[in-house]
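Everything on this sheet refers to the single structure shown next.
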Amino acid sequence: MVRNEVDGGVAVLTLSNPPVNALGADLRAALDRALAEAIADATVRAIVIAAEGKVFVAGADISEFGKVRRRPLLPEVLARIDASPKPVVAAIGGAALGGGLELALACHARIAGRHAKLGLPEIKIGIIPGAGGTQRLPRLIGPETAFAMMLSGEPVGADRGAELGIVDAVVLGDLVPAARVRALELADAGRLPRAGDRDDRLDPEARAAFEARAADAVTREPDAPNVRALAEAVRACFDRPFAEGLAAEQAAFAPLVDDPRARALRHAFFAEREAARVPGLSKDTPRRPIETAAVIGAGTMGGGIAMCFANAGIPVTVIETEEAPLQRGLERVRGLYAGSAKRGSITEAERDARIGRITGAVGLENAGSADIVIEAAFEEMGVKRAIFSELDRIAKHGAILATNTSYLDVDAIAAVTGRPQDVLGMHFFSPANVMRLVEVVRAEKTAPEVLATALDLGKRLKKLPVAVGVCFGFVGNRILERRSRAAERLLLEGALPHEVDAAVTAFGFRMGPFAMSDLAGLDIGWRSRKDFGGRAPVADALAEMGRFGQKTGRGFFVYPDGARAGQRDPEVEALIARTAAEHGIAQRSFTPEEIVARLMYPMVNEGARILSEKIASRPGDIDTIWINGYNWPAWRGGPMHWADTVGLKTVAADLERFARETGDDSQEPAPLLKKLAEEGGSFGALKAA
Ligand code: 3HC
């Protein structure tokens with residue numbers, strides 16, 4: 001795991017633990033041994049730590065968290081570097097994240113390659129740096145900047161790292177030889193620079209700026225224990241000597257690892273990666289080359305999808321039926337790019353290059369040469385079928401034909417073509433150029449290579465593709481529909497819209513279901529219920545009154561003078577009471593906990609049905625979809641993980657009670673949920689379908 005090559009007085013220790021050189025117990029032990037050997041070796045004057053592969057070191061092995069920790073722990077290995085009389089230099093070729101950067105920070109110098117990335121992302125998995133990062137980084141780059149970096153968890157590139165002082169130099173040529181030179185210079189100089197010695201960086205002025213940032217961070221996330229712990233650990237830099245600061249960091253770090261939020265975030269981390277493993281596909285499944293694309297429809301969705309291709313460097317033709325909507329769509333896309341360039345998130349040259357990759361055209365025949373066609377036209381089966389039968393005639397042999405439908409039956413769409421093996425769904429979320437999630441819908445006849453190509457393409461577009469099966473609404477919207485129904489039912493039983501929304505935002509969503517409806521427009525659900533059936537007496541009555549939500553200034557809430565936050569409306573509350581009376585439903589009040597259970601348990605129940613029907617391969621896929629497409633709070637791990645934390649016995653028993661109380665059989669626990677509840681099982685323990 002660690003190759004030790006001594007040459008010309010320098011021991012080069014090369015770490016190798018594919019795929020990302022995570023510092024698991026075996027690697028820690030091997031590194032510790034190699035360091036001890038090199039320090040003891042009289043022929044060695046200096047040491048370089050390098051790594052094999054694209055990533056330098058991705059940090060601690062996250063899969064070890066929550067288990068018994070095997071020694072040596074990372075801080076113990078780093079203490080050996082601190083005590084070393086010989087200089088140790090890190091040669092950082094790729095990402096040095098978390099414990100990986102902490103390893104480098106403990107070294108006496110850091111040389112980075114051009115592709116290095118430097119970051120302490122621990123905050124994103126619910127913890128804080130636990131191997132000296134909170135003590136060394138502030139002493140290198142100043143406490144305020146260091147705190148900001150650890151709070152965002154975002155890495156910086158090599159050049160920025162050099163500007164900040166995280167790395168000593170960036171080399172364009174061979175990294176290890178440069179690190180060797182630096183290591184020998186340090187050996188000659190005799191004095192070893194240690195980040196832990198730089199107390200001069202901690203002047204009182206720096207403290208004031210840090211304290212302001214820390215107070216702000218804690219106010220913004222009062223319930224996140226790791227934000228508070230991060231602030232405390234960095235504060236220790238000012239109040240205590242380095243060694244005591246390290247101990248303070250350990251004291252703050254250790255309990256966070258077992259915090260339920262951290263467990264949920266780790267689940268989300270691994271679930272997201274596991275989603276890439278789709279049953280029936282392997283790396284040997286053939287892929288089709290995708291070099292050009294066509295998008296049918298220049299609406300908000302079509303334009304957003306076209307931008308994804310342009311951003312990824314793939315030329316794309318946007319196709320409309322007429323010139324006017326095409327030009328409107330292209331204009332909107334140009335406007336979005338202009339905005340990005342103005343904000344500085346892309347350069348002007350990049351803006352022009354991206355716009356240049358998008359061509360507009362009128363008429364489906366322009367899709368003839370595309371390797372993939374994504375249809376983002378009107379959400380109506382007749383329209384989609386007409387387009388696909390045309391595409392069948394026009395598209396070149398082997399082209400992938402994808403529909404962006406959110407609800408419709410992809411098998412029925414594929415059936416109008418003579419090549420159903422080439423057809424699948426790619427359900428993007430709005431705004432498509434921003435949202436990472438894409439549900440990749442595998443239809444009955446979709447060929448494995450077509451599915452594999454679409455999933456790979458999703459990654460190329462910098463998306464998070466998750467494979468799902470065909471059903472109404474696929475995974476995400478099918479579960480959403482359950483929540484909408486439950487929310488409407490709660491109104492009839494006496495919960496008020498603002499109470500429901502408050503319970504949902506307190507749970508961790510950015511928005512409640514009614515504010516969401518008002519934002520999306522009540523007319524959308526109203527029309528879709530007309531087309532597909534389903535009843536929502538309150539929402540329908542509001543839509544019939546022309547209360548379409550924010551865009552009309554009135555929906556479930558009122559928005560006087562264009563206000564963004566809705567206000568209660570007595571008219572709506574009276575309408576709800578009247579509707580409940582008409583339906584003979586007695587009204588009562590609900591606690592926030594009851595509201596959460598009444599909304600979320602039916603979602604979990606639907607998730608269980610989705611698993612039994614094999615629409616999703618595993619519970620983690622459902623969690624990944626809800627976290628990334630529907631703003632489920634990541635620190636609650638997604639609906640299925642959350643249900644495990646509540647306890648499936650409780651969830652199943654409550655659902656049985658809801659079914660009894662509401663007379664709604666669909667609330668009965670699904671067979672899978674019931675079985676797991678009876679066996680004392682959990683979704684987390686289920687294997688992939
Ligand atoms: N521990 C365990 N496994 C890890 C890991 C880690 N730190 N980082 C990545 N992996 C695994 C992934 O699960 C995945 O496994 P799989 O192939 O079996 O699904 C594989 O490595 C490849 O990972 P990605 O798919 O994410 O590969 P990318 O090339 O897209 O990204 C990366 C590489 C940028 C390094 C990304 O993996 C990443 O961000 N990793 C996590 C970094 C992190 O959070 N580090 C902090 C850890 S906590 C810590 O260090 C505590 C310390 O302070 C004591």
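Is one or more of the residues making up segment 238-253 outside any helix (DSSP H, G or I) and either touching a Phe, Trp or Tyr at 6+ places or on another chain (Cβ under 8 Å) or within 14 Å of the ligand (Cβ to nearest atom) (or both)? No, segment 238-253 has no match at all. Looking across segment 567-576, just one residue is assigned to a helix (DSSP H, G or I), surrounded by 15 or more Cβ atoms within 10 Å (Cβ to Cβ) and without any contact (Cβ under 8 Å) to a residue 60 or more places away in the chain, and that is Leu575.
Each row is one residue, and each column tells you yes or no for (1) within 18 Å of Met307 (Cβ to Cβ); (2) among the acidic types (Asp, Glu).
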site	(1), (2)
Ala370	yes, no
Glu380	no, yes
Ile400	no, no
Thr403	no, no
Leu408	no, no
Ala415	no, no
Asp422	no, yes
Met426	yes, no
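Scanning segment 8-45 for residues that are assigned to a strand (DSSP E or B) and either within 14 Å of the ligand (Cβ to nearest atom) or modelled with pLDDT under 95 (or both) yields a total of 2. Evaluated against (1) in contact with a strand residue (DSSP E or B) (Cβ under 9 Å, 6 or more places away or on another chain); (2) in a loop (DSSP other than H, G, I, E, B); (3) within 16 Å of the ligand (Cβ to nearest atom); (4) not basic (Lys, Arg), Ile128 falls short on exactly one condition, (1).
The rows are residues; the columns are (1) outside any helix (DSSP H, G or I); (2) surrounded by 15 or more Cβ atoms within 10 Å (Cβ to Cβ); (3) under 24 Å from the mean Cα position of the chain (by Cα).
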site	(1), (2), (3)
Arg277	yes, no, yes
Gly280	yes, no, no
Thr285	yes, yes, no
Pro325	no, yes, no
Tyr337	no, yes, yes
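Consider Leu265 carefully, then state whether it is among the hydrophobic types (A, V, I, L, M, F, W, C), within 16 Å of the ligand (Cβ to nearest atom) and in a helix (DSSP H, G or I). Spelling it out, Leu265 is indeed among the hydrophobic types (A, V, I, L, M, F, W, C), within 16 Å of the ligand (Cβ to nearest atom) and in a helix (DSSP H, G or I). For residues that are surrounded by fewer than 24 Cβ atoms within 10 Å (Cβ to Cβ) and either without any contact (Cβ under 8 Å) to a residue 60 or more places away in the chain or assigned to a loop (DSSP other than H, G, I, E, B) (or both), scanning just segment 101-118, find the one that is farthest from the chain's Cα centre (by Cα). Taking the candidates together, the pick is Arg114.
Per this entry, Glu205 is counted among residues that are among the charged types (D, E, K, R), out of contact with any helix residue (DSSP H, G or I) (no Cβ under 8 Å at 6 or more places or on another chain) and at pLDDT below 95.
Just one residue in the set Leu672, Leu655 is in a helix (DSSP H, G or I), surrounded by fewer than 22 Cβ atoms within 10 Å (Cβ to Cβ) and in contact (Cβ under 8 Å) with a residue 40 or more places away in the chain; that residue is Leu672. Looking at segment 587-633, which of its residues are more than 20 Å from Gly469 (Cβ to Cβ) and assigned to a loop (DSSP other than H, G, I, E, B)? Gln587, Arg588, Ser589, Phe590, Thr591, Asn631, Trp632, Pro633 - these are the residues of segment 587-633 that are more than 20 Å from Gly469 (Cβ to Cβ) and assigned to a loop (DSSP other than H, G, I, E, B).
Checking each residue in segment 210-240 for being loosely packed, with under 15 Cβ neighbours inside 10 Å, under 30 Å from Pro633 (Cα atoms) and not acidic (Asp, Glu) picks out Ala212, Ala215, Thr219, Arg220, Pro222.
For segment 61-99, a residue qualifies if it is within 15 Å of the ligand (Cβ to nearest atom), in a loop (DSSP other than H, G, I, E, B) and in contact with a strand residue (DSSP E or B) (Cβ under 8 Å, 6 or more places away or on another chain), and the qualifying residues are Asp61, Gly93, Gly94, Gly98.
A quick yes/no check of all residues on (1) on the phi < 0 side of the Ramachandran plot; (2) over 30 Å from the mean Cα position of the chain (by Cα); (3) surrounded by fewer than 22 Cβ atoms within 10 Å (Cβ to Cβ); (4) in contact (Cβ under 8 Å) with a residue 24 or more places away in the chain:
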site: Ile47; (1), (2), (3), (4): yes, yes, no, yes
site: Ala51; (1), (2), (3), (4): yes, no, no, yes
site: Phe56; (1), (2), (3), (4): yes, no, no, yes
site: Gly66; (1), (2), (3), (4): no, no, yes, yes
site: Pro72; (1), (2), (3), (4): yes, yes, yes, yes
site: Leu78; (1), (2), (3), (4): yes, yes, no, yes
site: Val88; (1), (2), (3), (4): yes, yes, no, yes
site: Ala95; (1), (2), (3), (4): yes, no, no, yes
site: Gly99; (1), (2), (3), (4): yes, no, no, yes
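The values are calculated or read from the model by the stated rules, or taken from the named source; none is laboratory data. Fair warning: this is a prediction, and the values are worked out from it, not measured in the lab. Glycine gets a Cβ as well: all are built from the backbone with ideal geometry, and neighbour counts include every protein chain shown.
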